[in-house]
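Notes for the one structure printed next.
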Amino acid sequence: MEGALTARDRVGIQDFVLLDAYTSESAFLGNLRKRFSENLIYTYIGTLLVSINPYRELGIYSTKQMDIYMGVNFYELPPHLFALADNAYRTMLAETNNHFILISGESGAGKTEASKKILQFYAASCPRTQLLDNVRDRLLLSNPVLEVRAALSSLPVPVHLCSLTCLSPYTCAPAFGNAKTLKNDNSSRFGKYMDIQFDYQGDCAKVSSINDKNDWKTVQKALSVIDFSKTEIEHLFAIIASVLHLGNVRFEANAHGYATLNSSSEVHWLSQMLGIHSQVLQEGLTHRKIEAREEQVLSPFTTDHAVYARDALAKAMYGRTFTWLVNKINESLANKDHSRMTVIGLLDIYGFEVFHVNSFEQFCINYCNEKLQQLFIQLTLKSEQEEYETEGIEWETVPFFNNKIICDLVEEKHRGIISVLDEECLRPGDATDLTFLQRLEEKVGGHPHFITHKLADQKTRKTLERGDFRLLHYAGEVTYCVVGFLDKNNDLLHRNIKEVMRKSKNDIVKHCFPSTEPDTKKRPETVATQFKNSLAGLTDILMAKEPWYVRCLKPNDSKQPGRFDDVLVRHQVKYLGLMEHLRVRRAGFAYRRRFEVFLQRYKALCPDTWPNWKGPPAEGVERLVKHLGYTPDEYKIGRTKIFIRHPKTLFATEDAFEVCKHKLATRIQAKYKGYRGKGAYQRQRDAAMKIETCWRGLMARKERERRAWAVKVIKRFIKGFMTRNQPAGVDNSEYLAFVRQNYLLRLRDNLPKSILERNAWLTPPPIMQEASSMLRRLYTRHMVRHYVRGITAQRKAQLLLKGVASALFKGKKESYPQSVPRPFADTRIGEQDINMKVLQLIRHERIQYSVRVVKYDRKGFRPRPRLLLLTQAALYVVEEAKVKQRVEYRALRGVSVSNLSDNFMILHVMCDDNKQKGDVVLQCDHLFEALTKLCVLANKHTCIRVVQGSVRFDIQPGRQGFVDFCSGQESIVYKAKNGHLMVESTQAKSR
């Protein structure tokens with residue numbers, strides 16, 4: 001840092017502690033922005049490193065860069081991740097104690113990449129032995145196993161290496177641990193803590209270089225290198241496939257209302273992969289074992305209970321297998337040398353999260369960040385205080401916000417939020433998410449950091465739904481929706497399904513469901529309690545070590561290089577506690593350096609210390625600062641360091657040093673000139689004249705040769721042009737080579753930019769026609785492959801849906817062409833806009849799509865505003881808090897639409913008796929989107945019928961109604977004199 005103090009106006013200040021306006025958030029952001037614009041992504045706050053994701057390769061992690069930062073004073077070079085890693089390592093060696101590096105930030109800020117770069121640095125700085133190379137390879141190849149993308153929504157639980165509690169495991173990839181989220185393509189959905197052990201010669205006992213390959217072969221290779229047997233690999237993949245198949249198991253109610261299986265093929269595959277008889281599996285998924293006195297009876301499930309049991313089993317299989325996998329990797333990496341070691345812990349943890357809708361997962365993640373912030377402030381204050389006490393400097397108490405009050409609100413026994421949630425999960429009776437919210441209001445209703453709709457004032461109520469509660473975290477307010485809290489917190493498996501799993505022939509399954517496990521008479525810990533205990537264990541580990549921090553920021557949400565979003569960065573600066581940390585570091589002195597370092601840099605500013613100071617460094621520093629005119633309130637002399645209170649004092653010293661450097665350089669230069677005599681000058685002049693004469697002669701000869709060569713080339717070129725259409729020979733070979741090269745160079749600079757530019761290919765000369773044709777075919781195929789590879793999963797899904805819509809409506813419905821360029825939305829109504837009672841009623845059926853519609857009464861054709869909800873199993877027509885009609889997809893006979901430009905659809909429903917409601921007449925502004933989604937979810941791609949003129953529908957069994965369609969001057973809907981519903985629409989404009 002000392003080497004770049006003078007560049008502060010252009011590239012910003014490298015250490016925020018030296019920021020003059022250190023209490024100003026705007027000044028903090030301005031410094032970050034200035035450095036980011038110069039591609040300087042690292043800035044210090046003392047020893048804390050702030051990192052901004054550049055979203056581009058900067059070339060700052062090479063082996064050469066590693067060498068530069070090895071063994072160098074922390075502030076001697078510009079801020080860098082390698083500087084922090086190296087100083088943590090060297091401090092550990094010097095003090096023979098344990099350290100940890102905590103890397104935090106929100107999704108997409110670059111936390112996981114930072115942890116890999118640190119591991120890469122330690123790998124490069126350690127000696128090479130066969131044993132260490134073996135450990136390197138294993139830790140290296142554990143990344144693809146644990147970090148392969150998995151499209152799952154999960155709750156992270158940090159344990160030794162890493163751990164995961166999965167909440168929705170049905171769409172997982174062939175390995176565990178990372179999720180594709182809306183914010184990041186490869187987001188770590190678990191906290192990863194690694195102990196990197198070092199002995200006292202300085203050799204590394206556990207290191208890694210980075211590797212994040214996601215392909216199948218790499219995962220297979222990784223598993224074999226980490227001591228997984230062929231059988232274990234097969235059993236592991238079988239479990240993953242079983243979880244996927246388990247998610248496809250469906251239930252339906254029999255005549256008595258009990259659940260029966262209608263997924264025989266899925267049960268067959270489950271039976272094959274788990275090695276459990278299909279009949280035993282079916283019984284376990286549809287019945288619960290109850291002890292009645294001294295006998296056991298099987299009680300059948302309802303469909304809701306069966307779905308819950310299926311989900312609980314899937315979560316247990318996935319979660320327990322992940323724990324087994326982590327333990328297996330830890331065993332493979334275990335250090336066999338039990339002599340005393342020092343450790344650098346590396347913690348890559350998820351950041352504070354605030355979304356539009358925040359659920360149980362965000363509650364746990366933010367609670368974790370609350371605990372880490374508490375630890376962060378405690379350790380920072382402790383570190384500052386200890387340094388001042390060691391140096392004999394008086395410590396001034398620093399006021400700061402103690403977020404223990406928020407941690408207690410969440411975790412306090414018997415009255416904290418987690419305790420209330422657990423009580424509600426365990427309480428007999430009809431407990432729901434809403435009763436949990438009511439209990440919260442009773443228990444913690446008066447807490448200053450907790451508010452609900454019921455407890456809020458009139459103004460605040462407008463920002464809260466009835467099913468929400470809001471916590472005032474250290475990083476700001478977060479509103480949580482309680483929907484799903486109870487289901488996600490419960491992690492219960494019925495005893496008989498465990499017994500079923502113990503009959504498996506899959507060794508991993510048998511290991512994960514041991515017979516030694518206690519009976520379920522004692523209810524197991526909930527997910528939140530497991531998370532709280534795991535977090536407490538992690539806190540104990542960290543409290544026993546010396547801290548180093550990396551705070552990762554993302555500059556924008558669109559992953560664009562060079563773009564700095566002030567609002568987004570300001571929000572992250574706040575919830576990462578950076579201003580708080582800066583305030584603690586600046587409570588006393590902005591700058592502190594060891595005497596030797598300070599004296600070595602600034603000794604030229606004082607005649608008494610220049611060129612060398614012979615006495616003790618402390619006395620030399622005293623002599624130097626008195627010569628510079630430091631006042632007593634500007635500095636303090638400690639036992640080994642000088643402390644400077646204000647940045648302006650340091651900057652004035654640095655500016656004086658720059659002036660001094662130039663004066664010294666001028667004096668040295670003048671002294672050197674004085675040594676040169678007249679004779680030497682004359683000899684230099686004569687030598688220079690001789691060299692110039694020789695050079696001129698050489699240049700003249702070269703010019704003559706160049707001209708002769710140019711004449712020959714021109715003659716050959718003219719002769720080649722004249723014989724260009726003859727077969728290749730001596731006269732025209734060079735010219736034809738020039739023609740080919742020239743065409744290829746022009747083609748390189750004028751290639752079509754997209755596959756749609758069919759006529760943009762350059763016209764080739766006769767000799768290049770065949771080659772040009774071949775190149776054009778190859779380039780077109782390449783562009784097509786490049787286009788296909790560049791399609792995101794979301795875009796691909798969109799195109800597939802558009803393809804379905806085309807097959808259904810192209811050339812059949814008049815208004816279809818206008819809908820083609822409009823992208824389909826995932827849904828038109830967020831869950832927060834759907835009534836809580838409705839969500840509770842259909843909570844076991846995941847809502848896949850929702851849209852506002854107008855429903856026309858079957859008899860009088862009166863229009864009624866409604867919501868149309870599509871789940872995995874059925875469609876719902878909803879009026880505010882009431883479900884008006886539920887239609888299972890198997891009961892949907894078909895859908896009729898007209899061939900004109902109206903937006904009406906008639907859903908034809910099976911009606912077996914007079915009590916059932918008949919067909920449904922709906923008007924929808926997003927007709928093509930809604931019908932396409934319906935066809936895909938119902939798996940009925942032939943159910944759409946495009947008709948002309950009139951549609952007959954069933955009002956109820958035995959009674960029919962009619963909807964007539966025609967073109968008119970304006971769009972209008974009314975009841976005609978013949979009793980039919982008349983729908984007139986204007987003619988769609990042709991495209």
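General remarks:
- Between Asp457 and Thr91, the contour length at 0.36 nm per residue exceeds the alpha carbon distance by 126.4 nm.
- Computed from backbone phi, the HN-Hα couplings of the stretch 579-589 come to 5, 5, 5, 4, 5, 5, 5, 8, 4, x, 10 Hz, rounded to whole numbers (Karplus: 6.51 cos²θ - 1.76 cosθ + 1.60, θ = phi - 60°; Gly and Pro given as x).
- Using a cut-off of 32 Å between Cα atoms, the listed pairs Lys64/Lys559; Lys382/Lys443; Lys488/Lys810; Lys34/Lys116; Lys64/Lys221; Lys882/Lys975 include Lys382/Lys443; Lys488/Lys810 as exceeding that distance.
- The stretch 832-942: C-alpha gyration tensor shape, a/c 1.5 cut-off, then a/b vs b/c: rounded
- Backbone amide hydrogens, once placed in the peptide plane, bring Ser898 within less than 5 Å of Phe904, Val947, excluding anything fewer than 5 places away on its chain.
- Annotation: amide H of Lys884 within the under-5 Å range of Val877, Val878, Glu879, sequence separation 5 or more or interchain, hydrogens built in the peptide plane.
- FRET efficiency estimate (nearest 0.05) - Cβ-Cβ, Lys648 to Trp610, R0 30 angstrom: 0.80
- For Ile45, residues with placed amide H under 5 Å, excluding near neighbours: Phe16, Val50
- Here the Karplus curve 6.51 cos²θ - 1.76 cosθ + 1.60, taken at θ = phi - 60°, turns the phi angles of the stretch 946-960 into couplings of 8, 10, 10, x, 9, 10, 9, 9, 8, 6, 6, x, x, 10, 10 Hz, with x standing for Gly and Pro.
- Calculated FRET efficiency for the pair Arg822/Met910, C-beta based, R₀ 35 Å, to 0.05: 0.60
- With all protein chains in place and ligands, DNA and RNA left out, the 1.4 Å accessible area ranks Thr463, Thr342 as Thr463, Thr342, largest first.
- The stretch 919-984: GluC sites (Glu not before Pro) falling in loop per DSSP and having at most 15 other Cβ within 10 Å: Glu970
- With a Förster radius of 60 Å applied to the C-beta separation of Ser24 and Gln848, the computed FRET efficiency comes to 0.80.
- Kirkwood Rh, angstrom, the stretch 443-497 [1 / mean 1/r, Cα pairs]: 13.1 Å
- In this view, the solvent-accessible surface of Val713, computed with a 1.4 Å probe and all protein chains in place, comes to about 50 Å².
- Gyration tensor over alpha-carbon atoms, the stretch 486-618, equivalent ellipsoid semi-axes in Å: 58, 24, 16
- Coupling constants for the stretch 591-608 follow from the phi torsions by the Karplus curve (6.51 cos²θ - 1.76 cosθ + 1.60, θ = phi - 60°), and in residue order they are 9, 9, 9, 5, 3, 4, 5, 5, 5, 4, 7, 10, 4, 5, 7, 10, x, 6 Hz; glycine and proline get x.
- Pairs beyond 32 Å (Cα-Cα), from Lys503/Lys796; Lys111/Lys462; Lys315/Lys796: Lys503/Lys796; Lys111/Lys462
- Label-to-label distance, Arg945 versus Ser299, with points set 7 angstrom from Cα along the beta-carbon direction: 4.7 nm.
- Taking label points 7 Å from Cα along the Cα-to-Cβ direction, Glu970 and Val354 give a separation of 4.8 nm.
- Each of Leu426, Gln458, Val410 was placed along the dipole of the stretch 410-461 (beta-carbon charges, centred on the mean Cα), and the one lying farthest toward the positive end is Gln458.
- Largest to smallest principal axis extent of the C-alpha atoms in the stretch 878-961, angstrom: 34, 30, 25
- Label-point separation, Leu434 to Thr763 (7 Å along Cα→Cβ), nm: 7.7 nm
- When all protein chains stay in place and ligands, DNA and RNA are ignored, the 1.4 Å accessible-area order of Val963, Val883, largest first, is Val883, Val963.
The values are calculated or read from the model by the stated rules, or taken from the named source; none is laboratory data. Keep in mind it's a predicted model, so treat the numbers as computed, not measured. Glycine also receives a Cβ, built like all others from the backbone with ideal geometry; neighbour counts cover every protein chain displayed. Just the protein is used for accessible areas: all its heavy atoms, side chains included, with ligands, DNA and RNA removed. Shrake-Rupley method; radii C 1.70, N 1.55, O 1.52, S 1.80 Å.
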